[in-house]
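Notes to accompany the following structure.
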Amino acid sequence: MLIVTEETCQEVVDRAAAFDAVEKVFGAMARGDAYNFPVIREAIGHADALYGFKSGFDRAGLVLGLKSGGYWPGNADKGLTNHQSTVVLFDPDTGRPKALVGGNYLTAVRTAASSAISIKHLSRPDSKVLGMIGAGHQSTFQMRAAADQRDFERVIGWNLHPEQLPRLEATAKEIGLPFEAVDRDRLGEEADVIITITSSFDAILMKDQIKPGTHLACMGTDTKGKKEVDPTLVAAARAFTDEIAQSITIGECQHAVADGLISEGDITEIGAVVNGTKPGRTSDDEITLFDGTGVGLQDLAAAAVAVELAVERGVAVTVDV
Ligand code: NAD
């Protein structure tokens with residue numbers, strides 16, 4: 001079995017590699033060649049932890065495995081990241097373990113790849129202003145991946161905890177873009193593309209705050225009860241997602257569906273847009289919304305590419321099991 005450490009993942013998997021792997025697996029999902037198994041997520045009654053599995057099989061890419069991990073709120077006091085995850089890949093021909101891969105960095109790059117894929121396929125090509133809502137760990141990955149897709153001229157941002165805004169400013173500077181902290185009205189008025197990446201349980205953006213032609217990538221809602229935008233905004237937009245089953249249960253669309261504002265038939269899988277079998281944006285005026293719920297196949301795709309590149313460069317560790 002191979003071991004690919006967190007450090008090695010950071011060394012070998014760049015944004016482009018993660019983007020290609022995730023775009024490919026979204027396409028395979030929409031063709032029915034790859035599917036996710038039901039997600040398990042449990043409060044384990046120890047260390048206040050939430051622990052679970054996301055798993056699936058990509059029959060086209062022959063990638064089988066799971067990501068296991070969760071959220072340990074006390075980790076920060078121990079100098080560790082609260083979110084912890086590890087991927088295990090199996091040989092689909094024999095069931096033998098193939099690789100153990102660090103999942104923390106890969107989670108961030110595969111999540112950023114997912115919103116970047118939505119920006120590539122759904123945002124107006126002339127988008128100039130990127131709006132960021134959320135300034136936590138994921139936000140820097142999100143901003144960098146978005147900036148690969150469009151010629152943004154500036155970044156504007158809002159966060160519930162303003163003391164975190166310097167993180168957005170520093171990332172924008174690194175990319176070479178000016179940054180300004182703004183209120184939510186200005187963010188909606190000025191941004192052409194908006195990424196939401198927060199742990200919010202209440203709507204941060206309302207329908208009236210968004211201008212026609214905006215693309216929203218709602219990336220924070222990955223659990224029942226979480227919410228980043230008002231359900232009437234979801235209903236006013238053309239909605240896209242990574243996986244419909246997750247979108248209507250744990251994603252941003254869960255509330256609009258529960259309120260009877262939209263049904264699952266109104267949501268399009270982004271993989272179908274990638275494959276060219278369903279249209280993406282059809283006019284400059286429509287609001288598009290990508291509900292990025294985070295599927296296990298994204299993790300497996302990113303881990304498989306990490307293994308491939310680590311082997312190629314001779315930096316994977318081999319152990320007998
Ligand atoms: P983090 O803890 O580093 O940052 C949390 C962010 O949410 C900060 O900007 C914080 O100010 C903001 N926030 C916290 N409570 C809030 C509230 N009540 N209302 C509004 N904003 C609030 O977390 P992170 O690692 O950056 O992750 C952000 C979110 O993204 C989490 O909800 C996480 O579960 C989710 N996530 C989703 C995916 C996916 O695939 N869709 C992948 C990874 C993380």
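Data for the structure
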{"read-out": "Ranked list, fewest to most other Cβ atoms within 10 Å of each Cβ, for His255, His137", "value": "His137, His255"}
{"read-out": "Spatial separation of Cα centroids for region 12-26 and region 97-149, in angstrom", "value": "11 Å"}
{"read-out": "Calculated Rg and Dmax of region 122-294 using C-alpha coordinates, Å", "value": "14.9, 44"}
{"read-out": "Net charge contributed by nearby residues that have their C-beta within less than 12 Å of Asn104 (K/R +1, D/E -1)", "value": "-1"}
{"read-out": "Contact order relative to length of the chain, as percent, for alpha carbon pairs under 8 angstrom and 6 or more apart", "value": "23 percent"}
{"read-out": "On Cα atoms only, tilt of 15-31 relative to the major axis of the chain in degrees", "value": "90 degrees"}
{"read-out": "Projected area, mean over directions - the chain, Cα convex hull, nm²", "value": "16.3 nm²"}
{"read-out": "Separation between Cα centres of region 302-318 and region 220-250, rounded to whole Å", "value": "34 Å"}
{"read-out": "Relative contact order for region 122-294, counting Cα pairs under 8 Å that sit 6 or more residues apart, in percent", "value": "22 percent"}
{"read-out": "Backbone HN-Hα couplings from phi across region 238-252 [Karplus 6.51/-1.76/1.60, Hz, Gly and Pro as x]", "value": "8, 9, 10, 8, 6, 9, 4, 4, 6, 4, 7, 10, 10, x, 5"}
{"read-out": "Two-decimal Rg/Rh across region 9-80, once Rg and the Kirkwood Rh are taken from alpha-carbon atoms", "value": "1.09"}
{"read-out": "Of the trypsin sites (Lys or Arg not before Pro) in region 187-256, those whose Cβ has at most 15 other Cβ within 10 Å and which sit in DSSP loop", "value": "Lys224"}
{"read-out": "Per-residue HN-Hα couplings for region 124-129 [Karplus 6.51, -1.76, 1.60; θ = phi - 60°; Hz; x = Gly/Pro]", "value": "5, x, 8, 4, 10, 10"}
{"read-out": "Degrees, to the nearest 10: 165-175 long Cα axis against longest axis of the chain", "value": "80 degrees"}
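Read-outs throughout are calculated quantities, based only on the coordinates presented, and are distinct from any laboratory measurement. Worth saying up front: this structure is predicted, and the values here are computed from it rather than measured. Ideal geometry is used to build each Cβ from the backbone, glycine not excepted, and the neighbour counts take in all protein chains shown.
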